Amino acid sequence: MLISIDRVETIVVRLPPRSDFRWLSLSRPLGEFVLARIGANGFEGWGEVVGLRDWGDADGRRHGETPATISAIVHEYLAPALAERPFALGEVSTRLDEVVVGNPYAKALLDIALHDLVGHAHGIPVHALLGGLAREEVPVAHMLGLAADDEAVTEGMAAVADGIRALQVKGGRDAERDARLIRRLRQEVGDEVLLRLDANGGYRGRTRARRAVEALAAAGVDIVEQPLLGLAELHEVTSGSSIPVIADEACWTPSDALEIVARRAADALSVYVGKAGGIARAREMCGIARAASLPHDLNGALELGIGNAANLHVALASPAELLPCVIPVNAPEAAYPTATAGRYFTDDIVVEPFAYRDGALLPSEAPGLGVEVDLEKVAHYRVDGRETTA
Ligand SMILES: [Mg+2]
């Protein structure tokens, strides 16, 4: 099918977080999301991204976006370029890359909405557009933000009580605190729960990073994520580590993934639809992980139901080994299937809760992303918006 765009609307919404979740470099509270609503061929598709301005790789090699930059790039350049002539879904990434270099979140916003729209047009779920289900569920890792030890342990225990079997612990500010917290969590949750420490690049310097990773391994961590920034430095720490190292800030695009594989800079890849520039590019990264026999996850920046559904469909269809994913369990206010696990906000813009069982999210066979958007909620939480018509 060739897509003929009629209109592209972007809407910025702000929702209150359940708690003050933080990680290293996150300088303002979570809760700002950019939505896209695209009309084409008599169908509608929704997209969503969280463009964090203070998150990226060493030396600004990959860098953040904001709702304002995303809106400007979409309406000034990307939407007009797509509206010029009808196009196939498979052309989207290339066409967007021809118009603007970089700005993956702005591109992902449109790419997600177009996958949703084409899924609706064909009456099939996005995972079917990607080749179909490679697994029956996606294991969820619950994120513990930078918090005092007692608070982090309480949150972790509550998530495990909800069936969660993997925790991502934010750290990187104080290596001693990180090892101490991992040791305590290991004692509290036992050996069955996967513990992953995300340093967000915070262990500055090779020697300090190497020592920090050794201490975490001794404390019982299973995986360390992005101990420091920079590919050469990451390679050195990874090659000397007794536990697997996963690349996140260093792994945005398919070319980043290829470089990590070629330089053996990490043992696993952290893939997000947002930082990759859309579903198509994230899917390419899953293929690279498979070819290199590296596991990967499908994480994000704690999206609402639309953005998270995009991550979920890519994870469900990935041909590679999948690690537990740091993604929310999205649900409207009164219908959360969990008390703590995957709950980062007090509400969502989806009508139905995501299907959750025993620490995992389950696939939906509904067309497109499988998400019905609550328009009243969108209007309620809306803080800004803009529209382009063809
Ligand atoms: Mg990370």
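List of remarks:
- Residue check for residue 197: within 16 Å of the ligand (Cβ to nearest atom), within 25 Å of the chain's Cα centre (by Cα), under 25 Å from residue 328 (Cβ atoms) and modelled with pLDDT of 95 or more: yes
- Scanning segment 216-237 for residues that are within 15 Å of the ligand (Cβ to nearest atom) and farther than 21 Å from residue 24 by Cα yields a total of 0.
- Candidate set from segment 270-299 (those that are under 15 Å from residue 138 (Cα atoms) and within 16 Å of the ligand (Cβ to nearest atom)); member that is surrounded by the most Cβ atoms within 10 Å (Cβ to Cβ): 271
- For residue 173, the criteria (1) surrounded by fewer than 21 Cβ atoms within 10 Å (Cβ to Cβ); (2) under 24 Å from residue 361 (Cβ atoms); (3) within 16 Å of the ligand (Cβ to nearest atom) hold in every case but one, which is (2).
- In this structure, residue 384 qualifies as more than 22 Å from residue 194 (Cα to Cα), at pLDDT 95 or above, part of a strand (DSSP E or B) and touching a Pro at 6+ places or on another chain (Cβ under 9 Å).
- Any pair with Cβ under 7 angstrom, 6 or more apart, that starts in segment 33-52 at a residue that is without any contact (Cβ under 8 Å) to a residue 60 or more places away in the chain and ends at one that is of a type outside the set (Phe, Trp, Tyr): 39/6; 39/7
- Identity of the residue in segment 97-113, in a helix (DSSP H, G or I) and surrounded by fewer than 24 Cβ atoms within 10 Å (Cβ to Cβ), that ends up nearest to the chain's Cα centre (by Cα): 97
- Residue, nearest to residue 12 (Cα to Cα), within segment 77-90, restricted to residues that are surrounded by 14 or more Cβ atoms within 10 Å (Cβ to Cβ) and without any contact (Cβ under 8 Å) to a residue 24 or more places away in the chain: 77
- Out of 136, 98, one residue alone is more than 16 Å from the ligand (Cβ to nearest atom) and not assigned by TED's automatic domain parsing to the domain that holds residue 43. It is 136.
- Check on residue 163, within 26 Å of residue 17 (Cα to Cα) and within 16 Å of the ligand (Cβ to nearest atom): no
The values are calculated or read from the model by the stated rules, or taken from the named source; none is laboratory data. All of these numbers come straight from a predicted model, not from anything done at the bench. Virtual Cβ from ideal backbone geometry, glycine too; neighbours counted across all protein chains shown.
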